[in-house]
Amino acid sequence: MAGAWSNTGRQTFFASPHAVSYILILLNSAMFLLCLAGNSLVHIDQATLFHYGALYEGALARKEYWRFAASAFLHVNVLHFALNMLCIAAWSGILEHRLGATYFIIVYLVSAIGGSIATVYGLSGPFLAVGASGAISGIVGALLCLTLLGKAALSAQFFVVTIAVNVMFALRMPNIGWMAHLGGFTAGFACIAVLDGLEMFNRQWLRCKFPEFVKFAIAVAAAFAAIFAYIDGRLTSSSGIPVLIAGWGMAVLATVKLADFILCMRKGLTFFALTIPVLYAALSFIAVNATVDSIPAYCIKAQNFAMAHTQSAAAAYIGTACREAGLWPFVLASIVFVAALAVLWPELRRGLNDVGFAANTFRAERRRRAGL
């Protein structure tokens, strides 16, 4: 969809999705296809949803924190999936264009988790909750906060339309989780307020405005560190949580300041353009290698699904690939490295030709605008 603008320059309705919005749609699509094995388009059974991360009333008590985010990528049927993907495609482009990829992902995930937390505390009795409603409502809340802060030029028509669409969907679809909507909206609104304050503080603490690819890489590394700590089991001990969180926070702050110092140097951009592809490749290798033992089970499911749909050739290809599962971490890491280097090639060339202008540009950008 193209952006719609009034004659006053205020954006009124929708904007075309950007890269992260498409990635989110692809991730949701992949999970929906994964859940379809043994199910139908009109109904995915509760056992399948629970297996892949649906939220339930005991998730917090059992420290299954991953469900608070994973449930936002699951859907009960094709109509539920299609409506949520339509909302992401229609509304997320405005926010991603305004915030950039990193902050947009943070707002999206915080909103999804906020909706899940509101669901756990707001519902009594047994339940099973899935869907991207909290994250989508958080997008609307974030846009409203940006508008109230004077950081976006959205018209009242936009919010009237989005709220009307949400109400229409809620009236036509049963079992709508209103607590997820409210929690996600509140979390998205609050997240923007915090990020705006953080950016104002950064003017005093940081000299450079980070390029988006550097900001994104730091966020990815921080997220993986938290995930690995959770998988390692140290978050299951309540006594170790404050120390672990404090250590993680200090490591993130130290990394941010170190990145700021490097960007202030000549050729600093070259350092990041070369090391970030290595980082992504290493994280890809670690992630796939950690899950290689579960690959055979998914291979069997994929083969059975292909055979059930009379795709014997596809089943044969899947079987061949699965027999070489030990090579997957190396293959994926190599692909990720080459792809990341290709994407960052313009930044690498700019860094190699830098005689100090890049650092001056980053410093000037930091002083140009307060807040988001």
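Quick check, is SER116 assigned by TED's automatic domain parsing to the domain that holds PHE32, assigned to a helix (DSSP H, G or I) and touching a strand residue (DSSP E or B) at 6+ places or on another chain (Cβ under 6 Å)?
Yes.
Among the residues of the stretch 12-49, how many are more than 21 Å from the chain's Cα centre (by Cα) and either surrounded by 16 or more Cβ atoms within 10 Å (Cβ to Cβ) or polar (S, T, N, Q) (or both)?
Number of matching residues: 7.
Based on this model, can you work out whether VAL336 counts as outside the structural domain of GLY197 (by TED's automatic domain parsing), modelled with pLDDT of 90 or more and surrounded by 17 or more Cβ atoms within 10 Å (Cβ to Cβ)?
yes
Tell me the residue from GLY371, GLY356, GLY326 that is closer than 30 Å to LEU148 by Cβ and modelled with pLDDT under 80, please.
GLY371
In the stretch 113-121, is there at least one residue being over 22 Å from ALA69 (Cα atoms) and either surrounded by 24 or more Cβ atoms within 10 Å (Cβ to Cβ) or among the hydroxyl-bearing types (Ser, Thr, Tyr) (or both)?
No.
So which residues in the stretch 266-292 are outside any helix (DSSP H, G or I) and surrounded by fewer than 15 Cβ atoms within 10 Å (Cβ to Cβ)?
Matches in the stretch 266-292: ARG266, THR291.
How many residues does the stretch 22-60 contain that are in a loop (DSSP other than H, G, I, E, B) and aliphatic (A, V, I, L, M)?
Of the residues in that region, 7 qualify.
Got a sec? Which of VAL167, VAL140 is surrounded by fewer than 15 Cβ atoms within 10 Å (Cβ to Cβ) and of a type in the set (Val, Ile, Thr)?
Answer to the selection: VAL167.
Which numbered condition trips up LYS63, out of (1) part of a helix (DSSP H, G or I); (2) modelled with pLDDT under 90?
(1)
The values are calculated or read from the model by the stated rules, or taken from the named source; none is laboratory data. The shown structure was predicted, so the numbers you read here are calculated from the model rather than taken from an experiment. Cβ: placed from backbone, ideal geometry, glycine included. Neighbour counts: every protein chain shown.
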